[in-house]
Amino acid sequence: MAGRAAILGLVVAAFGWIFPAMADEAVELLSFADLTGWEDDDHAAALSVFRGTCADMEGDDWRALCAIAETAPDARTFFELFFRPVLIGGDSPALFTGYYEPELNGSLRRTSRFRYPLYRTPPEANGGVWHSRREIEEDRLLEGRGLEIVWVDDPVELFFLQIQGSGRVTLGDGSVIRVGYGGRNGHPYRSIGQELVRRGVFQPHQVSAQVIRNWVRRHPAEGQELLFHNPSYVFFRRVDISDPALGPLGAMNRSITPLRTIAVDPEFTPLGAPVWIEKAGAGPMRRLMIAQDTGGAIRGAQRADIFFGFGDVAGEAAGEIRDPGRMMVLLPIEMAHQRVPDA
């Protein structure tokens, strides 16, 4: 124990992280005994994912912990020894949704079937607010500029690919290319699901990604207008697939892991940090996740998007998730006490 105490002292002395956004939120320091189901999780699986991006975390504060993580013999002991759970946001319930990596069919050449392009970011769209989705598509602002990466055959799936931010496109010869988030036009994301509820088309509990897809396809003209309701437009970049079994690249530019990676708001949760989630609803989930991604609609301390994997099955599962609960970020001990000085 003396050796552990010495290491802990070095780690504690190193930490001084500051999260300005937390200043306006209630912050509570918890113990691991307060985490429902903590003892039943596969902590080794979480530690393996944590190691994948730990060295990429910003600042020097994490280096000591990352070195220890590489050789930690017992995952649960590692987390309990060097971290404390912190609840940010008080009694406000969390909102959990799901995301996945879509698979589309495509071609490297435009054809009568494959005529919907995925674009690279135009130089003038870097920074600030550029043209809206409607203007880009109706005025064909990017056509003929050589910015096309690939063409796909389904504009609805392309829309959802933009929401997910990354995906796979299968070409006619069976080969696969992967695309990742390349930029956006600067307009805020607006939920078309919420718009359908506002119009009285569906009740909130009826809305899912598949329900929206089906409605847009059944109502082509109204469906196109519905898609224009979201002015945000995402551009892509081609990503090399070193191993097709690996997940897409997250915000830390590393492959993310199904059911262990979440997208968070980095104003409250540091990218790369472990986060304990307690998701209620159908298929309750209590497990240690790693915050390795972000998303345009992921805002607030109690907000997370759970990565479900790739393909249709993952997409159906992710599309059904819209559940309450709570989430606690695991911060290094000294950092946790700095956030809750009276604890």
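The values are calculated or read from the model by the stated rules, or taken from the named source; none is laboratory data. None of the values given here were measured: they were computed from a predicted structure. Note that each Cβ is placed from the backbone with ideal geometry, even for glycine, and that neighbours are counted across all protein chains shown.
Scanning the range 195-210 for residues that are assigned to a helix (DSSP H, G or I), touching a residue at least 12 places away in the same chain (Cβ under 8 Å) and over 29 Å from N253 (Cβ atoms) yields E195, L196, Q210. Looking across the range 278-295, the residues that are under 18 Å from Y100 (Cα atoms) and assigned to a strand (DSSP E or B) come down to K279, M285, M289, I290, A291, Q292, D293. Taken together, G223, G182 contain a single residue that is surrounded by 13 or more Cβ atoms within 10 Å (Cβ to Cβ), farther than 30 Å from S255 by Cα and of a type in the set (G, A, S), which is G223. Residues that are more than 21 Å from R63 (Cα to Cα), hydrophobic (A, V, I, L, M, F, W, C), out of contact with any Gly (no Cβ under 7 Å at 6 or more places or on another chain) and modelled with pLDDT under 95 are absent from the range 316-332. Could you go through the range 175-193 and let me know if any residue there is assigned to a helix (DSSP H, G or I) and under 21 Å from A318 (Cβ atoms). Among the residues of the range 175-193, at least one is assigned to a helix (DSSP H, G or I) and under 21 Å from A318 (Cβ atoms), which makes the answer yes. Within the range 36-70, if we keep just the residues that are acidic (D, E) and more than 19 Å from T257 (Cα to Cα), the residue that is surrounded by the most Cβ atoms within 10 Å (Cβ to Cβ) turns out to be D61.
On the given criteria, is A273 farther than 30 Å from P122 by Cβ, touching a strand residue (DSSP E or B) at 6+ places or on another chain (Cβ under 6 Å) and either surrounded by 20 or more Cβ atoms within 10 Å (Cβ to Cβ) or outside the structural domain of I306 (by TED's automatic domain parsing) (or both)? Here the answer is yes, as A273 does meet what is asked.
Residues that are of a type in the set (D, E) and either part of a loop (DSSP other than H, G, I, E, B) or under 30 Å from I163 (Cα atoms) (or both) within the range 61-84 comprise D61, D74, listed in sequence order. The residue of the range 228-238 that is nearest to G250 (Cα to Cα), among those that are of a type outside the set (F, W, Y) and buried (at least 19 other Cβ atoms within 10 Å of the Cβ), is V234.
Restricted to the range 9-52, and to residues there that are modelled with pLDDT of 85 or more and aromatic (F, W, Y), the residue that is nearest to E267 (Cα to Cα) is F50. For the residues P258, P244, the requirement of being surrounded by fewer than 20 Cβ atoms within 10 Å (Cβ to Cβ), modelled with pLDDT of 90 or more and assigned to a loop (DSSP other than H, G, I, E, B) singles out P258.
Filtering the range 313-335 to residues that are farther than 16 Å from Q162 by Cα, touching a residue at least 40 places away in the same chain (Cβ under 8 Å) and not in a strand (DSSP E or B) leaves A314, E316, A317, E320, I321, I333, E334, M335. Right, T111: buried (at least 16 other Cβ atoms within 10 Å of the Cβ) and polar (S, T, N, Q) or not? Criteria not met by T111. Out of everything in the range 85-133 that is assigned to a loop (DSSP other than H, G, I, E, B) and under 20 Å from the mean Cα position of the chain (by Cα), what residue ends up being farthest from D173 (Cα to Cα)? The residue in question is G89.
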